[in-house]
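Below: one structure, written as structure tokens.
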């Protein structure tokens with residue numbers, strides 16, 4: 001039986017290209033989605049073998065989507081697609097349980113290798129980031145731990161994307177009062193007082209693209 005794959009990327013042309021590539025290689029793409037929230041929903045329904053997730057997606061980024069997918073379907077292995085090779089992105093991904101870290105600028109064959117490797121139970125890192133991670137661990141170079149809970153990170157991402165409190169509440173299925181409370185706690189934890197600072201923090205953490 002071919003490996004069942006979920007593809008999540010907010011660019012339609014990228015999704016279509018990835019799907020075509022994977023199907024030529026003999027994989028079965030069970031779904032294509034355009035944001036992290038939809039990726040979590042589909043993964044819950046279909047429990048694919050592998051979820052290929054773009055890091056920068058609207059509503060819920062790939063890293064937090066991977067965390068939620070692993071909770072709802074632990075056997076699904078997550079592979080992150082990203083343009084970032086900086087230490088803290090790679091380290092955050094590994095800490096989150098990501099099994100594959102694939103840099104978009106690498107050859108398409110790199111993704112195929114990643115899928116095959118994670119299916120064997122190993123962790124795959126694109127050439128160019130492996131040494132970065134090793135050096136980071138040896139130097140104990142770590143980004144300070146994230147102060148926010150997964151829910152607060154999701155609220156932060158939506159705020160940084162320009163969503164109003166009412167829109168955040170609707171998207172997350174919570175009351176406006178709860179959404180406002182989350183926002184207040186986020187600002188208190190980060191010790192910031194305006195939305196611009198929240199956006200800068202979200203960019204540094206890779207929740208949104210600058």
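The numbers here are math on the coordinates, done by the rules we state, and not lab data. If you're wondering where the values come from, they're calculated on a predicted model, not measured in any experiment. All Cβ positions, even for glycine, are placed from backbone atoms using ideal geometry, and neighbour counts span all protein chains on display.
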Listed residues 193, 11, 84, most fluctuating in the chain (Gaussian network, C-alpha, under 10 Å) | 193
Put in order of increasing Cβ neighbours within 10 Å, starting from the fewest, 163, 170 give 170, 163
By how many degrees, 0 to 90 and rounded to 10, does the Cα axis of helix 12-24 deviate from the longest principal axis of the chain?
-> 30
The chain: proportion of alpha-carbon pairs further apart than 30 angstrom, % | 22
Row for the range 1-79, column shape: gyration tensor on C-alpha, a ≥ b ≥ c, rounded if a/c < 1.5 i.e. under 1.5, prolate if a/b over b/c, else oblate; value oblate
Classify the range 150-204: rounded, prolate or oblate, from the alpha-carbon gyration tensor (a ≥ b ≥ c, eigenvalue square roots; a/c under 1.5 rounded; otherwise prolate if a/b is larger than b/c)?
-> prolate
Hey, with R₀ at 35 Å, roughly what FRET efficiency would residue 151 and residue 17 work out to, going by the Cβ-Cβ distance, to 0.05?
-> 0.60
Any chance you could give the angle, 0 to 90 degrees and rounded to 10, that helix 150-160 forms with the longest Cα principal axis of the chain?
-> 80
Taking the chain as the reference, fit the longest principal axis to its C-alpha atoms, fit the long axis of helix 36-46 to the helix C-alpha atoms, and give the angle between the two in degrees, 0 to 90, nearest 10.
-> 50
Distance between modelled label sites at residue 164 and residue 109, nm, 7 Å Cα→Cβ extension | 5.3
Can you grab the distance from the C-alpha centre of the range 54-89 to the C-alpha centre of the range 155-189, Å, no decimals?
-> 21
Would you calculate, for the chain, the mean residue ellipticity at 222 nm contributed by helices, counting each DSSP H stretch of 4 or more residues as -39,500 (n - 2.57) and dividing by all residues, to the nearest 500?
-> -15500 deg cm²/dmol
